[in-house]
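This report refers to the structure that appears directly beneath it.
Just so it is clear, none of the values below were taken in a lab; they were calculated from the coordinates. What you see is a predicted model; the values in this text were computed from it and never measured. Positions of Cβ are generated from backbone atoms using ideal geometry, with glycine treated the same way; all protein chains shown enter the neighbour counts.
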Amino acid sequence: MLGIESSCDETSAAVITDGYKVLSNVISSQPMHEKFGGVVPELASRAHLRLILPVIRKALREAGVGLKGVGGIAVTRGPGLIGSLLVGLGVAKGLAYSLGVPIVGVNHLEGHIFANFIENPQLSPPFVCLIASGGHTQLLFIPQLGEYQLLGQTRDDAAGEAFDKVAVMLGLGYPGGERIDQLAAEGNPRYHHFPRAWLDDGFDFSFSGLKTAVLNYLEEIGPQETEDRLKDICASFQAAVVDVLTERCLKAARRTHTKRIVLAGGVVSNSLLRRRLTVEGERRGLEVSYPPSLLCTDNGAMVAACGLFYLQRGKADGLDLQAEATIRLGEGK
Ligand code: KG4
Ligand code: ZN
């Protein structure tokens, strides 16, 4: 199965085989967005156009299979930037048509969930799942694969968006989640108390108030203290995000009487989040799983894994498959 991912600013292609075994997973990031502090959609789609064929060729070469060895093509159909999605979809359709192999459109968020099965194929529902990425923050109950019950989601910024915007404020570049994680490791999380938005008794999240609180705080202390206390500020901000994500996951497991929590999306490569949930989970007899870091952020292998699952159940798509910028989980399969 060839998997193609181009929903945002990573151009990626991967080859996997039965049992979600990864033969190659080539990921090309687009550094040109950094100076803008966020992804510029038009630049992203143009970069995908330049990169997509070399990335696919490299993935096939590294996997040691030629085009003739491809038995099916999985491609992200949404959600994402429409111009970027169209590049991947166009190439996937062209290849599927010319090779005479099936094509499977994959929901990007479902792909993030499937990243978990690559190193842990035995993992099985029911479980509670937190998807936290640059564009989404959702908490789901998954009674079985393909069935997604939304418990709550962010009402404003995604968790990753908060990391990225705070990183820009701190002069750490874009995307800055990983950099904050590294700096926070040596900082004091109790240096400053940033607000945690608990909202009501439900499962929704909000991160825009936290982002504004950081901005106001930085204005108050000025550039010198910001520089001197960079690690402490990173640690204090990260603690606020991780507190909320951890508590909500534990509450979701309790409410749904579920013994397993599965993490997905770029933000769950955060080392504190992994550690906290593992420790708190163990205390409550819960099993907490997450993919290795490389498979948490956008990649073709997660798309291929999800596509393979549906292909093996006879759920391929036709060449009329459409890109959908805002498709929800569970829609369309
Ligand atoms: O899933 P992903 O690759 O892309 C989307 O689908 O959005 O997630 C990217 C997000 C970015 O916001 C990035 O800053 C964040 O994941 N991220 C992290 C870490 N590594 C990546 N956030 C916190 N800690 C990290 N270690
Ligand atoms: Zn993603």
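Using Cα centres only, tell me the gap between the stretch 125-188 and the stretch 22-80 in whole Å.
A separation of 22 Å, based on Cα centres.
Taking the Cα centre of the stretch 184-311 as origin and charging only Cβ (+1 Lys, Arg; -1 Asp, Glu), how large is the dipole, in debye to the nearest 20?
Charge dipole of the stretch 184-311: 740 debye, to the nearest 20.
Using only the Cα atoms of the stretch 1-71, each taken as one equal point scatterer with no solvent, compute I(q) by the Debye sum, divide by I(0), and report log10 of the ratio at q = 0.14, 0.15 Å⁻¹.
Log10 I(q)/I(0), no solvent term: -0.45, -0.51.
Please report, largest first and rounded to whole Å, the three semi-axes of the ellipsoid equivalent to the stretch 234-290, where each semi-axis is the square root of five times an eigenvalue of the C-alpha gyration tensor.
19, 11, 10
In whole angstrom, how long is each semi-axis of the equivalent ellipsoid of the stretch 166-312, when you take the square root of 5 times every eigenvalue of its Cα gyration tensor and sort them from largest down?
30, 20, 14
Looking at I180, L170, F194, which one has the Cα that reaches farthest to the positive end of the dipole of the stretch 153-197 (charges on Cβ: Lys, Arg +1; Asp, Glu -1)?
F194
Please compare each pair in K231/K259; K165/K251; K58/K231 to a cut-off of 31 Å on the Cα-Cα distance and tell me which ones are over it.
In this structure, K231/K259; K58/K231 exceed 31 Å between Cα atoms.
On the principal axes of its Cα set, how long, how wide and how thick is the stretch 195-260? Give whole Å, largest value first.
Here the spans come out as 49, 21, 10 Å, largest first.
Quick check on the chain: helices-only [θ] at 222 nm, where DSSP H runs of length 4 and up contribute -39,500 (n - 2.57) each and the sum goes over total residues. Nearest 500, please.
Computed mean residue ellipticity for the chain: -14500 deg cm²/dmol.
In what order do D232, D320, D164 fall by count of nearby beta-carbon atoms within 10 Å, going from fewest to most?
D320, D232, D164
So if a site counts as exposed when it's one of the GluC sites (Glu not before Pro), its DSSP state isn't H, G, I, E or B, and it has at most 15 other Cβ atoms within 10 Å, what's the longest stretch of the chain without one?
Within the chain, the longest run free of exposed GluC sites (Glu not before Pro) spans 1-185.
Hey, got a sec? Which chymotrypsin sites (Phe, Trp or Tyr not before Pro) in the stretch 26-125 land in a DSSP loop and have at most 13 other Cβ atoms within 10 Å?
Sparse-neighbourhood loop chymotrypsin sites (Phe, Trp or Tyr not before Pro): none present.
So what's the convex hull volume per residue for the Cα atoms of the chain, in Å³?
So the per-residue Cα hull volume is 122 Å³.
At q = 0.13, 0.16 Å⁻¹, what is the log10 ratio I(q)/I(0) for the stretch 225-333, with the Debye formula run over Cα points and no solvent?
So the normalised log intensities are -0.70, -0.93.
What aspartates and glutamates could a cross-link reach from K21, if we take a straight Cα to Cα line under 15 Å and drop same-chain neighbours fewer than 8 places away?
Those aspartates and glutamates meeting the cut-off are E62, E119.
Taking the radius of gyration and the Kirkwood hydrodynamic radius from Cα positions alone, what is the Rg/Rh ratio for the stretch 1-151, to two decimal places?
Radius of gyration over Kirkwood radius for the stretch 1-151 works out to 0.97.
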